[in-house]
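Chemist: I have a structure I would like to understand better, so I am pasting it below and will then ask my questions one at a time.
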Amino acid sequence: MKIVCLVKQVPAIGAIEFDEEAKTLKREGVPLELNVFDRYAVQHAAGLGDEVVAMTMGPPQAEDALRECLELGADRAILLSDPVFAVADTLGTSRTLALAIRREGADVVLCGRKTTDSETWQVPPEVAAFLGWPHLTSVVSIEPGLRVTRETDEGEEIYEVEPPVVLSVAAAPGGETTAKDGPIDVWTASDLVDDLRPNDKRFGQTGSPTRVLAVRDSRPERKGLRAGSAEEAARMVGELLAERAPEQPSWEKPDHIAEQPGASYDCWSVVELADGRPRRVSLELLARARELAGKLGGKNVALVIGAGLDGAIQELGRHGAELIYAADDRSFAEYHPELWAGVVREVLAEHRPRVLLIPATAQGRDYGPRAAGALELGMTGDCVGVDIARAGRLLQQKPAFGGNIVSVIMGATTPQLATVRPRMYEPLEPREDGQAEVRELVVGQLPVSRLKRVERRSANGGAALDEADVVVCAGPDVDIADLERTAAREGVAVGGSLRSALPRRRKVGLLGRPVAPRVYIAIEVEDEPEHWAGSVKARVVVSIGEGTPEAADVSIGGEWSDLLPLLLDAAAEKR
């Protein structure tokens with residue numbers, strides 16, 4: 001079996017800085033390294049493949065990352081390096097990589113689930129779309145015979161797959177690898193196509209539909225207060241919550257943003273369900289889409305996919321939907337990557353929504369980029385904010401490096417797509433008189449799945465982290481059972497740092513999950529950039545332990561089991 005590993009060289013975690021004068025990232029002297037998730041992919045491949053080829057697109061210095069891949073067990077490597085590849089977005093990058101894979105040939109493509117710099121999560125599904133291959137994201141184990149375990153927000157899914165397939169990897173394998181000393185070949189655009197043209201729209205900036213308009217330092221100003229008692233810490237938390245209360249959305253839609261409107265457009269959002277009800281993130285996007293629909297002069301449209309949707313449909317009307325398209329079929333009772341991507345692709349092709357917002361969940365990061373890649377549409381992943389410019393285009397705020405840096409992005413293609421992180425907006429207060437027109441979504445011939453799911457394992461705690469009101473995060477020495485008993489309250493979820501004893505899907509950080517609760521309480525957590533990058537968007541951050549981390553608003557020392565109940569009480573009072 002021949003495996004191609006797609007890798008990227010990225011700035012070392014915690015090494016990036018922002019130049020306030022130039023309003024750009026400081027790159028001079030910043031150490032570079034192989035993206036950690038791509039390292040996992042090469043390690044998996046070395047234990048599975050008869051031949052392993054590492055491939056990256058970048059400047060000549062990216063050869064260093066490929067040499068590390070050889071040390072991890074790759075047999076040889078390919079560097080795609082040409083000035084025409086420069087300034088490519090995820091779609092332009094994915095198209096180029098797919099061309100190179102077709103030339104090289106492969107049975108399986110492995111890559112990391114995301115890069116730690118741009119954090120788009122988009123390249124693996126988009127590469128698969130260009131190749132026309134099935135894909136699975138967030139893979140945590142690959143057994144011989146390609147029995148693949150995929151991590152979800154709710155637990156795990158196990159698939160049996162056959163080549164060709166694209167897999168994105170979220171965890172390192174066990175076992176050792178043997179270093180190789182194979183060659184590194186350099187390919188240019190002329191090696192990928194025979195008809196290279198000036199400003200060729202297949203490559204680089206000209207082949208990329210999204211543009212970065214500005215880059216901003218978005219590091220929150222944390223207070224850095226040290227409390228002398230639990231009562232003082234609780235008071236500080238309450239005051240900060242009141243001071244930082246978010247703006248509540250309004251049922252009243254704003255006027256059309258254009259001074260002289262020539263046309264009106266709808267804003268759509270995809271609704272994801274949990275136990276038959278819309279997830280909080282879907283209600284958040286529904287509220288934001290209502291605001292954007294007003295600025296576009298159109299309707300707030302919800303797309304819901306599932307089976308037995310009557311209850312969910314009623315709830316969507318009470319939360320601001322004006323028009324609902326329902327794909328209600330037994331085949332959609334459980335999530336499946338190819339089917340959902342097929343539905344979204346058909347909606348994009350047939351209904352041509354001006355804007356489509358997608359939850360940045362394990363599912364949304366999977367089917368959204370796949371559909372965008374299939375139609376070669378620009379997309380921005382993991383947004384922390386979306387708005388409408390006067391020209392009617394979608395302005396997208398894209399975090400990088402854990403959310404410390406935000407890029408303002410605009411796309412040139414329509415429909416305009418974005419995945420949006422949970423808890424970036426507040427849902428509308430439900431109204432019993434909220435009504436929505438409901439239309440059946442008639443779906444044409446969907447792709448026949450080439451992925452066989454053989455088992456699904458559900459577990460508590462994963463999805464709750466993303467949408468919880470309060471997240472309590474355990475360091476490596478905290479007794480998890482005691483913590484879960486103490487924190488067992490409505491709206492509170494328990495997570496952990498990278499070295500905690502919790503499962504991977506419940507770990508918070510740049511290498512885990514980003515969270516944005518009202519209150520984030522870290523207990524005896526390591527003072528490392530990787531961890532604190534996961535809570536950048538939390539409204540109030542509390543640290544229990546020694547020292548006062550820069551990333552915390554309030555810190556306090558003492559026994560966490562005595563302190564935590566009072567802090568949770570303070571968070572509940574200001575809800």
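The values are calculated or read from the model by the stated rules, or taken from the named source; none is laboratory data. The structure presented is a predicted model; accordingly, all values stated were derived computationally and were not measured. With ideal geometry, Cβ positions are generated from the backbone for all residues, glycine too; neighbour counts draw on all protein chains shown. Just the protein is used for accessible areas: all its heavy atoms, side chains included, with ligands, DNA and RNA removed. Shrake-Rupley method; radii C 1.70, N 1.55, O 1.52, S 1.80 Å.
Chemist: Of these, 440, 432, which one is open to solvent by 40 Å² or more (accessible area, probe 1.4 Å), in contact (Cβ under 8 Å) with a residue 24 or more places away in the chain and in contact with a Lys or Arg (Cβ under 9 Å, 6 or more places away or on another chain)?
Modeler: Exactly one residue qualifies, and that residue is 432.
Chemist: Further question: Identify, please: which residue in the range 266-289 is open to solvent by 30 Å² or more (accessible area, probe 1.4 Å) and in contact with a strand residue (DSSP E or B) (Cβ under 6 Å, 6 or more places away or on another chain) and is, among those, farthest from residue 309 (Cα to Cα)? Please lay out each step first, then the result.
Modeler: Initial filter on the range 266-289 (open to solvent by 30 Å² or more (accessible area, probe 1.4 Å)): 266, 273-277, 280, 288.
With in contact with a strand residue (DSSP E or B) (Cβ under 6 Å, 6 or more places away or on another chain) added as a condition, the list becomes 266, 273.
Details: 266: 22, 273: 9 Å.
Once the filter is applied, the top-ranked residue is 266.
Chemist: Could you tell me which of the residues 121, 133 is hydrophobic (A, V, I, L, M, F, W, C), open to solvent by 10 Å² or more (accessible area, probe 1.4 Å) and within 20 Å of residue 360 (Cβ to Cβ)? Break it down into steps so the answer makes sense when it comes.
Modeler: On the way: 133 fails: within 20 Å of residue 360 (Cβ to Cβ).
The unique qualifying residue is 121.
Chemist: With the requirement that a residue be of a type in the set (Val, Ile, Thr) and either buried (at least 24 other Cβ atoms within 10 Å of the Cβ) or farther than 19 Å from residue 400 by Cα (or both), what does the range 82-94 give you? Steps first, answer last, please.
Modeler: From the range 82-94, those of a type in the set (Val, Ile, Thr) are 84, 87, 90, 93; that's our starting set.
Matches in the range 82-94: 84, 90, 93.
Chemist: Follow-up question, since we're still on this one. Looking only at residues that are open to solvent by 10 Å² or more (accessible area, probe 1.4 Å) and in contact with a Cys (Cβ under 9 Å, 6 or more places away or on another chain) in the range 401-429, which one is nearest to residue 212 (Cα to Cα)?
Modeler: 409
Chemist: Hey, among 185, 194, which residue is open to solvent by 50 Å² or more (accessible area, probe 1.4 Å), of a type outside the set (S, T, N, Q), out of contact with any strand residue (DSSP E or B) (no Cβ under 9 Å at 6 or more places or on another chain) and under 30 Å from residue 376 (Cβ atoms)?
Modeler: After applying the criteria, what remains is 194.
Chemist: Which ones in the range 152-188 are in contact with a Ser or Thr (Cβ under 8 Å, 6 or more places away or on another chain) and not in a strand (DSSP E or B)?
Modeler: 152, 153, 154, 170, 171, 173, 188
Chemist: For the range 68-81, how many residues meet the condition of being touching a residue at least 40 places away in the same chain (Cβ under 8 Å) and either of a type outside the set (A, V, I, L, M) or open to solvent by 10 Å² or more (accessible area, probe 1.4 Å) (or both)?
Modeler: 7
Chemist: Can you find a residue in the range 450-458 that is assigned to a loop (DSSP other than H, G, I, E, B) and either at pLDDT 95 or above or farther than 30 Å from residue 560 by Cβ (or both)?
Modeler: yes
Chemist: Mind listing whichever residues of the range 443-465 are open to solvent by 100 Å² or more (accessible area, probe 1.4 Å) and either in contact (Cβ under 8 Å) with a residue 12 or more places away in the chain or under 30 Å from residue 395 (Cβ atoms) (or both)?
Modeler: 450, 452, 456, 457
Chemist: Moving to a separate point now. Could you check the range 302-400 for helices (runs of 4 or more DSSP H) lying wholly inside it with 1 or more residues that are open to solvent by 10 Å² or more (accessible area, probe 1.4 Å) and within 22 Å of residue 125 (Cβ to Cβ)?
Modeler: So the answer is 337-351, 364-375.
Chemist: While we're on this one: Kindly indicate whether any position in the range 192-201 is outside any loop (DSSP other than H, G, I, E, B), polar (S, T, N, Q) and out of contact with any Phe, Trp or Tyr (no Cβ under 7 Å at 6 or more places or on another chain).
Modeler: Step one: list which residues in the range 192-201 are outside any loop (DSSP other than H, G, I, E, B), which gives 192.
From the residues that got through so far, the ones that are polar (S, T, N, Q) too are none.
Checked against the condition, which is being outside any loop (DSSP other than H, G, I, E, B), polar (S, T, N, Q) and out of contact with any Phe, Trp or Tyr (no Cβ under 7 Å at 6 or more places or on another chain), the range 192-201 yields no hits at all.
Chemist: Go through (1) within 18 Å of residue 131 (Cα to Cα); (2) outside any loop (DSSP other than H, G, I, E, B); (3) not charged (D, E, K, R) for residue 106 and report which single condition fails.
Modeler: (2) is the only condition that residue 106 fails.
Each row is one residue, and each column tells you yes or no for (1) touching an Asp or Glu at 6+ places or on another chain (Cβ under 6 Å); (2) at pLDDT 95 or above.
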residue: 491; (1), (2): yes, no
residue: 496; (1), (2): no, yes
residue: 504; (1), (2): no, no
residue: 513; (1), (2): no, no
residue: 516; (1), (2): no, yes
residue: 521; (1), (2): no, yes
residue: 538; (1), (2): no, yes
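Per-residue answers, yes or no, for (1) in contact (Cβ under 8 Å) with a residue 12 or more places away in the chain; (2) open to solvent by 20 Å² or more (accessible area, probe 1.4 Å); (3) in contact with an Asp or Glu (Cβ under 8 Å, 6 or more places away or on another chain); (4) part of a loop (DSSP other than H, G, I, E, B):
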| site | (1), (2), (3), (4) |
| --- | --- |
| 30 | yes, yes, yes, yes |
| 66 | yes, no, no, no |
| 96 | yes, no, no, no |
| 101 | yes, no, no, no |
| 114 | yes, no, no, yes |
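Chemist: Would you please name the residue that is most open to solvent (accessible area, probe 1.4 Å), looking only at residues in the range 151-181 that are among the charged types (D, E, K, R) and under 19 Å from residue 36 (Cβ atoms)?
Modeler: Among residues in the range 151-181 that are among the charged types (D, E, K, R) and under 19 Å from residue 36 (Cβ atoms), the one most open to solvent (accessible area, probe 1.4 Å) is 176.
Chemist: Is it the case that residue 137 is at pLDDT below 95 and of a type in the set (S, T, N, Q)? Step through it out loud before you land on a result.
Modeler: On the way: at pLDDT below 95: no; of a type in the set (S, T, N, Q): yes.
Spelling it out, it is not the case that residue 137 is at pLDDT below 95 and of a type in the set (S, T, N, Q).
Chemist: I'd like to check something: does the range 243-265 contain any residue that is closer than 30 Å to residue 536 by Cβ, in contact with a Leu (Cβ under 7 Å, 6 or more places away or on another chain), surrounded by 15 or more Cβ atoms within 10 Å (Cβ to Cβ) and β-branched (Val, Ile, Thr)?
Modeler: No, the range 243-265 contains no residue that is closer than 30 Å to residue 536 by Cβ, in contact with a Leu (Cβ under 7 Å, 6 or more places away or on another chain), surrounded by 15 or more Cβ atoms within 10 Å (Cβ to Cβ) and β-branched (Val, Ile, Thr).
Chemist: Mind checking whether some residue in the range 209-231 is in contact with a Gly (Cβ under 6 Å, 6 or more places away or on another chain) and open to solvent by less than 20 Å² (accessible area, probe 1.4 Å)?
Modeler: Taking every residue of the range 209-231 in turn, at least one turns out to be in contact with a Gly (Cβ under 6 Å, 6 or more places away or on another chain) and open to solvent by less than 20 Å² (accessible area, probe 1.4 Å).
Chemist: Which is surrounded by 23 or more Cβ atoms within 10 Å (Cβ to Cβ), without any contact (Cβ under 8 Å) to a residue 60 or more places away in the chain, under 24 Å from residue 365 (Cα atoms) and of a type in the set (Gly, Ala, Ser), of 534, 512?
Modeler: On the way: 534 fails: without any contact (Cβ under 8 Å) to a residue 60 or more places away in the chain.
When all the criteria are applied, what remains is 512.
Chemist: Test residue 428 against the criterion of being part of a loop (DSSP other than H, G, I, E, B) and either at pLDDT 95 or above or charged (D, E, K, R) (or both), and give yes or no.
Modeler: yes
Chemist: Step by step: first the residues of the range 136-150, then only those that are within 20 Å of residue 51 (Cα to Cα) and in a strand (DSSP E or B), then the one that is least open to solvent (accessible area, probe 1.4 Å). Which residue is that?
Modeler: Ranking the candidates gives 148 first.
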